[in-house]
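A.B. asks: Just passing along the structure, written as structure tokens.
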Amino acid sequence: MAFELPTLPYAKTALAAAGMCEETLELHHGKHHQAYITALNGLVEKNPDLQGKSLEQIVAFSYNKPDLVPVFNNSGQHLNHSQFWLSMSPTGGGIPGKLETKLVEDFGSVQAFKDAFKTAGTTQFGSGWAWLVLAPDGKLKVTKSPNASTPAVTGEGKVLLVYDVWEHAYYVDFRNRRPDYITNWLDKIANYEFAEANLLAG
Ligand code: MN3
């Protein structure tokens, strides 16, 4: 079964008022994400070791294997982008109660969490991701990863929320101002309901 582009859980115009325009989603979801999936399907077709595996299994299987770098890059990008679309909402920015309690417990305050989450994204050199994870020790942590990497393979924890810091994620809306994109994303676009649901699912 070939991998397919997941449908966005909102219209391509739905995030415009919050600071992510239709053109950004059109290119990022329709072109960039689709390109990773097309490339991945081509690689799976040529490699029997990958056939019959789930996306998560392919990401784990190809991690740190020098001869499978293109497989890891394209499968990781597919997985990460699939989580990124779910990490956004047209009614984003509001932090629900149970998540807020846990954020205060583990970071000291919601603002301290946001500062740490923003720093992860601003200090990721080049392309990559900033993550909110439930770490193996039961605490919420923020982390970052380059390119196609994900906490799913590094053992840093379960993914609750993620944003993309590659320029295609923000250049149309914020030009070169990555910190402004991140601040806006955290305050107006982030789907903290999704993060809380992931947290409660354990
Ligand atoms: Mn991207």
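A.B. asks: Against the longest principal axis of the chain, how steep is helix 34-46, in degrees 0 to 90 to the nearest 10, with axes from Cα atoms?
C.D. replies: Compared with the principal axis, the helix lies near 30 degrees.
A.B. asks: Checking the cross-link filter: which aspartates and glutamates have an alpha carbon closer than 17 Å to that of Lys98, excluding same-chain neighbours under 8 positions apart?
C.D. replies: Reachable aspartates and glutamates: Asp106, Glu193, Glu196.
A.B. asks: Add +1 for every Lys or Arg and -1 for every Asp or Glu among the other residues with Cβ under 14 Å from the Cβ of Tyr10, and state the total. Can you show the working numbers first?
C.D. replies: Details: positive: Lys12, Lys188; negative: Glu22, Glu26, Glu193.
Spelling it out: positives minus negatives among the neighbours equals -1.
A.B. asks: Determine the dipole magnitude for the chain: charges of +1 sit on the beta-carbon of Lys and Arg, -1 on that of Asp and Glu, nothing else is charged, the reference point is the Cα centre, and the result goes in debye to the nearest 20. Please list the in-between numbers first.
C.D. replies: Numbers: 17 positive and 21 negative charges, 45 e Å.
The calculated dipole for the chain is roughly 220 debye.
A.B. asks: Right, here's the next one. In debye, nearest 20, what is the charge dipole magnitude of segment 92-202 about its Cα centre with +1 on Lys and Arg Cβ and -1 on Asp and Glu Cβ, if you could check? Could the numbers behind the result be given before it?
C.D. replies: Values: 12 positive and 13 negative charges, 29 e Å.
It comes to approximately 140 debye.
A.B. asks: I'd like to compare 100-111, 119-130: which one has the highest average count of other Cβ atoms within 10 Å, and what's the full order after that?
C.D. replies: Working: 100-111: 14.7, 119-130: 17.8.
Highest-to-lowest ranking by the protection proxy: 119-130, 100-111.
A.B. asks: Further, regarding this structure: Under 10 Å from the Cβ of Phe174, count the other residues' Cβ atoms, weight Lys and Arg +1, Asp and Glu -1, and hand me the total.
C.D. replies: Working: positive: Arg175, Arg177, Arg178; negative: Glu167, Asp173, Asp180.
Spelling it out: positives minus negatives among the neighbours equals 0.
A.B. asks: Roughly what would the spin-label model give for Ala16 and Thr119, points 7 Å off Cα along C-beta, in nm?
C.D. replies: So the label points at Ala16 and Thr119 sit 3.7 nm apart.
A.B. asks: Using only the alpha-carbon atoms, how far is helix 97-107 inclined from the longest principal axis of the chain? Give it as 0 to 90 degrees, nearest 10.
C.D. replies: Orientation of helix 97-107: about 90 degrees from the principal axis.
A.B. asks: Could you run the Karplus curve 6.51 cos²θ - 1.76 cosθ + 1.60 with θ = phi - 60° over segment 112-127 and give me ³J(HN,Hα) per residue in whole Hz, x for Gly and Pro?
C.D. replies: Values, residue by residue: 5, 4, 4, 4, 5, 5, 5, 4, 4, x, 6, 9, 6, 6, x, 7 Hz.
A.B. asks: Could you check how much of the accessible area of the chain is carbon and sulfur, as a whole percent, using a 1.4 Å probe? Spell out each step's value before the answer.
C.D. replies: On the way: 5080 of 9350 Å².
Summing carbon and sulfur atoms, their accessible area is 54 percent of the total for the chain.
A.B. asks: Taking only protein heavy atoms and a 1.4 Å probe, what accessible area per residue, in Å², does the chain have with all protein chains in place? Write down the numbers at each step before the final one.
C.D. replies: Values: 9350 Å² over 202 residues.
On a per-residue basis, 46 Å².
A.B. asks: Most fluctuating residue of Gly157, Gly94, Gly76 in a GNM of the chain with Cα springs under 10 Å: which is it?
C.D. replies: Gly94
A.B. asks: About its Cα centre, how strong a charge dipole does segment 21-86 have in debye, to the nearest 20, once Lys and Arg get +1 and Asp and Glu get -1 at the Cβ? Please report the intermediate quantities before stating the final value.
C.D. replies: Values: 4 positive and 7 negative charges, 45 e Å.
I would put it at about 220 debye.
A.B. asks: Using 26 Å as the Cα-Cα cut-off, could you pick out the over-long pairs in Lys118/Lys139; Lys53/Lys158; Lys12/Lys53; Lys65/Lys139; Lys158/Lys188? Each step should come with its number before you reach the end.
C.D. replies: Values: Lys118/Lys139 18 Å; Lys53/Lys158 20 Å; Lys12/Lys53 31 Å; Lys65/Lys139 30 Å; Lys158/Lys188 23 Å.
Going by Cα-Cα distance, Lys12/Lys53; Lys65/Lys139 fall outside the 26 Å limit.
A.B. asks: A further question follows. For every other residue with a beta carbon closer than 14 angstrom to the beta carbon of Ala120, add +1 if it is Lys or Arg and -1 if Asp or Glu, then tell me the sum. Let's see the in-between values first.
C.D. replies: Values: positive: Lys114, Lys118, Lys141, Lys144, Arg178; negative: Asp115, Glu156, Asp164.
After counting each charged neighbour, the total is +2.
A.B. asks: Also, quick follow-up: Place +1 on the Cβ of every Lys and Arg and -1 on the Cβ of every Asp and Glu in the chain, take the dipole about the Cα centre, and give the residue among Pro146, Leu15, Leu43 whose Cα lies farthest towards its positive end.
C.D. replies: The Cα lying farthest towards the positive end belongs to Pro146.
The values are calculated or read from the model by the stated rules, or taken from the named source; none is laboratory data. Computed from a prediction, not measured in an experiment: that's the story for all the values here. Note that each Cβ is placed from the backbone with ideal geometry, even for glycine, and that neighbours are counted across all protein chains shown. Keep in mind that these areas ignore ligands, DNA and RNA; they rest on the heavy atoms of the full protein, side chains included. Shrake-Rupley method; radii C 1.70, N 1.55, O 1.52, S 1.80 Å.
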